[in-house]
Ligand SMILES: C[S@@+](CC[C@H](N)C(=O)[O-])C[C@H]1O[C@@H](n2cnc3c(N)ncnc32)[C@H](O)[C@@H]1O
């Protein structure tokens, strides 16, 4: 990337970050140049700045986790408007912990658990729980494999949904920096989501709402996977793309 490709507002933010590292000291210029080189190498601005706002909280982000997307902030909005959790919430594929932590912020009296297969993601989710003083449990598991679900009445999942054979076409910012395990949705992009749906179906759980964030091109296949569920609803994101499916069991 060439410096001319970096918008002025990003350069201003890099200058701010350099100041933050060194206060008013004279080494700002050197820090600025190091940060600029990272950005010229396509590192996402959010990793360079280290913190991002998410809904009403602040999160630390680095290469251990996916950078939370605006679509996921809107998922929080939809969950607030369309679900009524009373007992226990699971966030499967928690990454930075963004969804689990926001659920705890919104429903302080409900038990919230964030689950991830990646130890690295869990380590940053725990840091984010401390940063926001939110009491969320974080557990390592391949989807529900090690997770008890007796009291759970809401499962939220933003799992990897990019088909394996299209990963190469992603922007360098994404494929060179964000964890592959957070992106790779297997052969058709639905491998992990369909495995989660099967795991839930195999368990004796009732009155459970499932909220999924999905690939906009996979809405009809996702609805097919949920053909035995009740109250199946498809929601669009703010760009008018099919993005979320809610269903109850
Ligand atoms: C698309 S990222 C979403 C992260 C976060 N929930 C968000 O919305 O920003 C998917 C997450 O699922 C996790 N993951 C991938 N496969 C998993 C599995 N089999 N079981 C549990 N978590 C998994 C990844 O490590 C990653 O953190």
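State the number of residues belonging to the range 91-110 that are touching a helix residue (DSSP H, G or I) at 6+ places or on another chain (Cβ under 9 Å), away from the ligand (no atom under 11 Å from the Cβ) and not in a helix (DSSP H, G or I).
1
Scan the range 180-199 for residues that are near the ligand (Cβ under 8 Å from one of its atoms), over 21 Å from residue 227 (Cβ atoms) and part of a helix (DSSP H, G or I) and report the count.
The number of residues fulfilling the criteria is 2.
Scan the range 75-90 for residues that are in a helix (DSSP H, G or I) and either touching a strand residue (DSSP E or B) at 6+ places or on another chain (Cβ under 8 Å) or not assigned by TED's automatic domain parsing to the domain that holds residue 107 (or both) and jot them down.
Hits for the range 75-90 are 75, 78, 79, 82.
Quick check on the range 120-134. Is at least one of its residues touching a helix residue (DSSP H, G or I) at 6+ places or on another chain (Cβ under 9 Å) and either within 24 Å of residue 245 (Cα to Cα) or not assigned by TED's automatic domain parsing to the domain that holds residue 213 (or both)?
Taking every residue of the range 120-134 in turn, none turns out to be touching a helix residue (DSSP H, G or I) at 6+ places or on another chain (Cβ under 9 Å) and either within 24 Å of residue 245 (Cα to Cα) or not assigned by TED's automatic domain parsing to the domain that holds residue 213 (or both).
So which of 180, 170 ends up being in contact with a strand residue (DSSP E or B) (Cβ under 8 Å, 6 or more places away or on another chain) and touching a residue at least 12 places away in the same chain (Cβ under 8 Å)?
170
Here are the criteria: (1) touching a helix residue (DSSP H, G or I) at 6+ places or on another chain (Cβ under 7 Å); (2) near the ligand (Cβ under 9 Å from one of its atoms); (3) in a loop (DSSP other than H, G, I, E, B). Tell me which single one residue 142 does not satisfy.
Only one criterion in (1) touching a helix residue (DSSP H, G or I) at 6+ places or on another chain (Cβ under 7 Å); (2) near the ligand (Cβ under 9 Å from one of its atoms); (3) in a loop (DSSP other than H, G, I, E, B) is unmet by residue 142, namely (1).
The values are calculated or read from the model by the stated rules, or taken from the named source; none is laboratory data. Every value quoted in this text rests on a predicted model; they were computed, and no experiment measured them. As a convention, Cβ positions derive from the backbone with ideal geometry for all residues, glycine included, and neighbour counts pool all protein chains shown.
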